[in-house]
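A.B. asks: Have a look at this one before I ask anything.
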Amino acid sequence: MSPKEPTTMSAPNVPSPGQAAGKPGGRQDKLKAVNLNFFYGAYKALHDISLEVPANKITALIGPSGCGKSTFLRTLNRISETIRNTRVEGQVLLDDEDVLKVDVTALRRRVGMVFQKSNPFPKSIFDNVAYGLKVNGFRGALKDAVEHSLKRAALFDEVKDKLQKSAYALSGGQQQRLCIARALAVDPEVLLLDEPCSALDPIATAKIEDLLFTLKDQCTIVIVTHNMQQAARVADRTGFFLLGKLIEYNTTEIIFKNPAKQETEDYITGRFG
Amino acid sequence: MSFRNRWRKILSSLMLSLTGVCAVVAVSILFLILGLLVYNGWRSVDWNFFTQLPKSPGETGGGMANAIVGSCEIVVLATLIGLPVGFMAGVYLAEFGGKTFAFLVRYTADLLNGVPSIVIGIFAWSVLVVRMHTYSALAGGFALAMILIPITARSTEQFMTSVPQTLREGALALGASKWKTIATVVVPAAHRGIATGMILGVARIAGETAPLLFTSLNNQYWNTSLTQPTASLPYMIYTRAMSPYDDWHRQAWAAGMVLLLLVLFANVAARLILSRGIAVQK
Amino acid sequence: MPTSAALRAPRSGPGQTWLRRLTNGDEVARLITLAFAATILLLTGWLIYQLWSTSAVPRHKFGFGFLTSSQWNPVEGQFGALPFIYGTVITSILSLLIAVPLGVGAAIFLSELAPPGTSSAFTFFIELLAAVPSVIYGVLAVFTLVPLMRDYVEPFLKKTLGFTALFSGPIFGFGYLTAAVILAIMTLPFIISISREALLEVPTEQREAALALGATRWESTWQAVVPYARLGIFGSVFLGLARALGETMAVTMVIGNDPSLHASLFSPGYTIAAVIANEFTEATGELYPQALVALGLVLFLLTIVINALARLLIIATTRRGSAHP
């Protein structure tokens, strides 16, 4: 476990760093979906998904376009609710508590998200990272917290001289790392990433993948990716989705070397994409 | 080349040049208007114009000071009522609207936008002037506010809807509540467009005359009470222009020039603000 | 887990009492903004109600005869709307006859021929025209247009077309034709702006198909591009019509204030908006002002219908993006 720099967080709502990580003797499954069904209006997009996400590991969700992996990810922090006419059946458990029945803003503090296309706010770099802290009533030293997050996201050195500049002045890869820093600022226990590198070049992608390795000690990571090689590179466990169903879920090694289902093998070997 | 083909080519060039003529004519109208107003008006715009009360025809040195102040009063009143109502309604339409109710509000706002301003004046008259038994700046301000509200609501809605959904999701994913997201992310992202819409709306009502004809009416003297008839610049222009006195005609030109320059300035400024780019804050 | 307690209590959602939901910031924000949005509905409803109730007396007295009678005699209590409806319609249609060819022509130039820089600059200036207040157009019309019409244009028309009823009769400068000209200038920017956008939406393939068949530039524009955009262009025409119908100040200043019907376009007349503007503050008694309100009601209904048609046409173009009938 890499030691984290101490921060002076005193707001009651934001969990202190040590407690966010997996505790000794704690539960294995940080996040669990139980018989999850998801509907866009009358259309059933997810069929009976049951999945356990282990703590402090990277879990990847792969599958062809439209298979439901992003839809599934978005139910985990209930951001799917921003679309009208959607319905969820089943359970999503965070540390054995059903997230579907609780205050959604508190949930989202604990389960953060990074989106496919980087979406920094039209504010300065500093204000972007500080946003989550301010909005959740952080009362400590903002500057230190922002600096800490930027360091965790491996971005601080590149932006330390221009924290007041607009976030849009950064390159695509930098903007995405800024979004990661922004998400990390509130110290989430789980970080959801929805195809975070799909709009980035290989070098920026490599930087983010390295970042994920350093982060997994401090939080649980779930990443959706359409790039199988990426899943093979970073993930401890991998789930294969197809047409709204979870076809197979196992350690990455088994999925890629010795899949149990024929559909998984077909996808891995590129028979369809 | 056959005769027919040659004729087709000639016709093509002819018609296309004609369209160019049309465009040049249309553009030159603006400069013509501006030119005529400046030419006829600038000599009569002096210090008196801005500081003196109107004088009887034949007396020199009259001005439109009370009309300028009166217009400010009425427009400020209308702005204080109209901008917040319009802005909030626009926020509702963009962020909260349920399907049927929002559709109804939108449709009604567009309907209200198309109502001739003199009919709005009749409404304000029947509601305020009749009840209060007096013409008043209040009634005038109310009429202008009714024009401002739907314009502001639709333009606010338009610019807020154009903020990408992913920005909202980014804020929500950090644990911000919906109203905080709107206040701290969406509105700042759309602020240029919203401000532009507001400036253009206020410039529009500042030039309106018809709704004031029987609401705030006119006043030859100073008036600061909101419940008395109040002079306004457009109304003064109207009465001076329709009078038989040359002296007053000159004043009409002068006041017209001042009003036009103000309105054009506001319009150009607003458009320049908008074209600087939307949403990128420093 | 320190925050699991925070997770447990939902702040809103089904199963919460109304009072609990009210303390939720989102719900409060929704209700506040909804209230403001509702005021738009309220004000409009109230407007319609006031127009209807404040015109009750003439409506009961004259019924639909109000619309067909051409007697406007306040002294004797005779009120008929026909001269004003006629004046409103004739000046508006006449203004369109002038503005539409000019406007569509300019729109074609700006969308098809002008280089992008020139097109934007021209459009910028033309759209500024739309911001000029009506009373300013009125001042120009009274001092510049009226003498022009009276001394040059109308005598010329009388000389050339004087054998028709439309262009015969005494010339005053004030009248239907002058009002139509100033209205045309006022509606021009709207027609140009909307038609230009409709023309810009036409896919280049349409133009290219015609050119590939050997059409001249003009033929491809007029026979392929413009018909494709016709719904939007018609929409702009209706919009221009709606604005012309309700236009008050500029028309009031040049229409001549004659509440009767005339065939000649040179003759003074009256429009609904103009008579309301001129006579409202002088109207005494009960019937007289209510008759003016009744005229306002007629104008209101007229512009609503035309505006609705205009919007339907404009929506049809942007949604379907093609000129299917």
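A.B. asks: Return the only residue of C:LEU239, C:LEU299, C:LEU313 being more than 9 Å from every other protein chain (Cβ to nearest Cβ) and either over 30 Å from C:SER195 (Cβ atoms) or touching a helix residue (DSSP H, G or I) at 6+ places or on another chain (Cβ under 9 Å) (or both).
C.D. replies: Answer to the selection: C:LEU313.
A.B. asks: Kindly establish whether C:PHE124 is over 30 Å from B:TYR235 (Cα atoms), out of contact with any Lys or Arg (no Cβ under 6 Å at 6 or more places or on another chain) and within 9 Å of another protein chain (Cβ to nearest Cβ).
C.D. replies: No; evaluated as a whole, the condition is false for this residue.
A.B. asks: Report the residue count in segment B:244-274 for those that are in contact (Cβ under 8 Å) with a residue 24 or more places away in the chain, of a type in the set (Gly, Ala, Ser) and facing another protein chain (nearest Cβ under 10 Å).
C.D. replies: Total satisfying the criteria: 4.
A.B. asks: Counting only residues that are more than 12 Å from chain B (Cβ to nearest Cβ) and of a type in the set (Asp, Glu), which one in segment A:158-189 is surrounded by the most Cβ atoms within 10 Å (Cβ to Cβ)?
C.D. replies: A:GLU189
A.B. asks: Okay, next question. Could you please find all residues in segment B:180-218 being more than 30 Å from B:ILE122 (Cα to Cα), among the hydrophobic types (A, V, I, L, M, F, W, C) and more than 10 Å from chain C (Cβ to nearest Cβ)?
C.D. replies: B:VAL185, B:VAL186, B:VAL187, B:ALA189, B:ALA190 - these are the residues of segment B:180-218 that are more than 30 Å from B:ILE122 (Cα to Cα), among the hydrophobic types (A, V, I, L, M, F, W, C) and more than 10 Å from chain C (Cβ to nearest Cβ).
A.B. asks: Tell me, which residue of segment C:212-234 that is of a type in the set (Phe, Trp, Tyr) and closer than 18 Å to C:PRO101 by Cβ is nearest to the other protein chains (Cβ to nearest Cβ)?
C.D. replies: So, considering only residues that are of a type in the set (Phe, Trp, Tyr) and closer than 18 Å to C:PRO101 by Cβ, the one nearest to the other protein chains (Cβ to nearest Cβ) is C:TRP218.
A.B. asks: Can you say whether B:ALA102 is surrounded by fewer than 21 Cβ atoms within 10 Å (Cβ to Cβ), small (Gly, Ala, Ser) and modelled with pLDDT under 95, as far as the supplied structure shows?
C.D. replies: Against the criterion (surrounded by fewer than 21 Cβ atoms within 10 Å (Cβ to Cβ), small (Gly, Ala, Ser) and modelled with pLDDT under 95), B:ALA102 qualifies.
A.B. asks: Follow-up. For residues that are farther than 28 Å from C:MET249 by Cα and either of a type outside the set (Phe, Trp, Tyr) or touching a Cys at 6+ places or on another chain (Cβ under 8 Å) (or both), tally how many sit in segment B:86-129.
C.D. replies: 15
A.B. asks: While we're here: I'm trying to understand the selection: among the residues of segment B:39-51, which are away from chain C (no Cβ under 11 Å) and either assigned to a helix (DSSP H, G or I) or under 22 Å from the mean Cα position of the chain (by Cα) (or both)?
C.D. replies: Those that are away from chain C (no Cβ under 11 Å) and either assigned to a helix (DSSP H, G or I) or under 22 Å from the mean Cα position of the chain (by Cα) (or both): B:TRP42, B:ARG43, B:SER44, B:TRP47, B:ASN48, B:PHE49, B:PHE50, B:THR51.
A.B. asks: Of all residues in segment C:38-73, which are more than 21 Å from B:LEU93 (Cβ to Cβ), among the hydroxyl-bearing types (Ser, Thr, Tyr) and assigned to a helix (DSSP H, G or I)?
C.D. replies: C:TYR49, C:SER53, C:THR68
A.B. asks: Right, something else. Here is a check on your reading of the model: is C:ALA141 modelled with pLDDT of 90 or more, within 13 Å of chain B (Cβ to nearest Cβ) and touching a Cys at 6+ places or on another chain (Cβ under 6 Å)?
C.D. replies: Judged against the criteria, C:ALA141 is not a match.
A.B. asks: If you check B:LEU83, B:LEU93, B:LEU16, B:LEU36, which single one turns out to be crowded, with 22+ Cβ neighbours inside 10 Å, within 14 Å of chain C (Cβ to nearest Cβ) and either in contact (Cβ under 8 Å) with a residue 24 or more places away in the chain or in a helix (DSSP H, G or I) (or both)?
C.D. replies: It is B:LEU93.
A.B. asks: Evaluate the following for B:THR108: is it within 21 Å of B:TYR235 (Cβ to Cβ), surrounded by fewer than 23 Cβ atoms within 10 Å (Cβ to Cβ) and of a type in the set (S, T, N, Q)?
C.D. replies: No: the conditions fail for B:THR108.
A.B. asks: Specify the residue that is farthest from A:LYS69 (Cα to Cα); the eligible residues are those in segment A:149-168 that are among the hydrophobic types (A, V, I, L, M, F, W, C) and not in a helix (DSSP H, G or I).
C.D. replies: A:LEU163
A.B. asks: Then there's this: Might you check whether a residue that is in the same structural domain as B:PRO164 (by TED's automatic domain parsing) and closer than 30 Å to B:GLU59 by Cα occurs anywhere in segment B:262-277?
C.D. replies: Yes - at least one qualifying residue is present in segment B:262-277.
A.B. asks: Then there's this: Regarding segment C:136-145, can at least one residue be identified that is closer than 25 Å to B:VAL202 by Cβ, touching a residue at least 60 places away in the same chain (Cβ under 8 Å), out of contact with any strand residue (DSSP E or B) (no Cβ under 9 Å at 6 or more places or on another chain) and not hydrophobic (A, V, I, L, M, F, W, C)?
C.D. replies: Looking for residues that are closer than 25 Å to B:VAL202 by Cβ, touching a residue at least 60 places away in the same chain (Cβ under 8 Å), out of contact with any strand residue (DSSP E or B) (no Cβ under 9 Å at 6 or more places or on another chain) and not hydrophobic (A, V, I, L, M, F, W, C), one finds at least one in segment C:136-145, hence yes.
A.B. asks: Hey, another quick one. Please return the ranges of helices (runs of 4 or more DSSP H) entirely within segment C:231-325 where 2 or more residues are at pLDDT below 90, more than 16 Å from B:ALA210 (Cβ to Cβ) and over 13 Å from the mean Cα position of the chain (by Cα).
C.D. replies: Where helices (runs of 4 or more DSSP H) fall fully within segment C:231-325 and carry at least 2 residues being at pLDDT below 90, more than 16 Å from B:ALA210 (Cβ to Cβ) and over 13 Å from the mean Cα position of the chain (by Cα), they are C:287-320.
A.B. asks: Of all residues in segment C:173-202 being away from chain B (no Cβ under 14 Å) and in contact with a Phe, Trp or Tyr (Cβ under 7 Å, 6 or more places away or on another chain), which is surrounded by the fewest Cβ atoms within 10 Å (Cβ to Cβ)?
C.D. replies: Restricting to residues being away from chain B (no Cβ under 14 Å) and in contact with a Phe, Trp or Tyr (Cβ under 7 Å, 6 or more places away or on another chain), the top hit is C:VAL202.
A.B. asks: Next question. Based on what the data block shows, is A:VAL146 more than 11 Å from every other protein chain (Cβ to nearest Cβ) and either of a type in the set (Val, Ile, Thr) or surrounded by fewer than 22 Cβ atoms within 10 Å (Cβ to Cβ) (or both)?
C.D. replies: Considered against the rule, which asks whether it is more than 11 Å from every other protein chain (Cβ to nearest Cβ) and either of a type in the set (Val, Ile, Thr) or surrounded by fewer than 22 Cβ atoms within 10 Å (Cβ to Cβ) (or both), A:VAL146 comes out as yes.
The values are calculated or read from the model by the stated rules, or taken from the named source; none is laboratory data. This structure is a prediction, so every number in the text was calculated from the model and none was measured. A quick note on method: Cβ atoms are made from the backbone with ideal geometry, for glycine too, and the neighbour counts reach across all protein chains shown.
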